[in-house]
1. Any residue that is assigned to a helix (DSSP H, G or I) and farther than 21 Å from residue 330 by Cβ - is there at least one of those in segment 184-197?
2. Can you confirm whether residue 203 is surrounded by 20 or more Cβ atoms within 10 Å (Cβ to Cβ), in contact (Cβ under 8 Å) with a residue 40 or more places away in the chain and part of a strand (DSSP E or B)?
3. All but one of (1) within 27 Å of residue 239 (Cα to Cα); (2) touching a helix residue (DSSP H, G or I) at 6+ places or on another chain (Cβ under 7 Å); (3) part of a helix (DSSP H, G or I) hold for residue 170; state the number of the condition that does not hold.
4. Residue by residue through segment 92-110, note down the ones that are farther than 10 Å from residue 204 by Cβ and free of Cβ contacts under 8 Å to residues at least 24 places away in the same chain.
5. Would you point out which residue out of 270, 249, 209 is more than 18 Å from the chain's Cα centre (by Cα) and outside any helix (DSSP H, G or I)?
6. For residue 121, which of the numbered conditions (1) surrounded by 15 or more Cβ atoms within 10 Å (Cβ to Cβ); (2) part of a helix (DSSP H, G or I); (3) out of contact with any strand residue (DSSP E or B) (no Cβ under 6 Å at 6 or more places or on another chain) fails to hold?
7. Restricting to segment 135-147, give me the number of residues that are part of a helix (DSSP H, G or I) and either outside the structural domain of residue 123 (by TED's automatic domain parsing) or buried (at least 17 other Cβ atoms within 10 Å of the Cβ) (or both).
8. Based on this model, can you work out whether residue 258 counts as surrounded by 15 or more Cβ atoms within 10 Å (Cβ to Cβ), closer than 14 Å to residue 153 by Cβ, under 24 Å from the mean Cα position of the chain (by Cα) and in contact (Cβ under 8 Å) with a residue 40 or more places away in the chain?
């Protein structure tokens, strides 16, 4: 294999690639991501693949393989696992190209075209059988997980990025309001939840599997959780902002499908709250994660996405008087 000397890839990885794909080809770095994983493109004489390097001490790739296998069998376009050595953290998978939804939007692809397709894929993924054949089926989005996620906002953003020490009284106030939100979310119907279904993890056309235009990646953290979670990820996206009319249009498409395929039959008012409160939790979590990525991992670029994400948070808080206490607390400790 030929590769740029600037690429840092160890000899064991090269030997693994050579063993699976042969030694005649080129290796180039595609990207890293918010985790410790790195991705390389391997071009042979007539095909190309992605080599994923996920250090076992930092990343457990077994869920990725398990969930990819499950979703693939259900007809969802996820990367096929060509070869895996989980003990080394090495995987060779399908290459879906470089055109994420975010890049497709930037290049002029019409948003309705993209998001109509994304909703159909989402509904197909949410309606996959809950038969215990996937690790996600054994991982509930429970109160313990929600509690840890809310803590990301207070610990890593308020106290970390904003450098504000939260008083004991206000900590209890935060906890009480978070408890209120969690109780509501946990009462919602549940289904398969991708957990990062947004414009950077949806791939458009390119070399996606034949007959399919949307490819899904980064699903290794999937769980069984609230039915509106992935829709909230998509339409309250931290990386691209949508005005209310477009969000409502896409949400209506999803809701019509969910009534039929998921037997989710909320009133208009209930659906709005189901969506908004789920989006609020996810957006606060994301802000905390962006703070952690900066402070712990030195990945500061994600801080640029915080203002956009906060816009969604403020919009939701303004719509619900019962969350005025949270609005005041956030206003007290954040810029």
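1. yes
2. Taking the combined requirement at face value, the residue satisfies it.
3. (1)
4. Within segment 92-110, 106, 108, 110 meet the criteria.
5. Among 270, 249, 209, only 209 is more than 18 Å from the chain's Cα centre (by Cα) and outside any helix (DSSP H, G or I).
6. Condition (3) is where residue 121 drops out.
7. Of the residues in segment 135-147, 4 are part of a helix (DSSP H, G or I) and either outside the structural domain of residue 123 (by TED's automatic domain parsing) or buried (at least 17 other Cβ atoms within 10 Å of the Cβ) (or both).
8. When the stated conditions are applied, residue 258 does not pass them.
The values are calculated or read from the model by the stated rules, or taken from the named source; none is laboratory data. Keep in mind that what you see is a predicted model, and the values were worked out from it rather than measured. Note: ideal-geometry Cβ built from the backbone for every residue, glycine included; neighbour counts use all protein chains shown.
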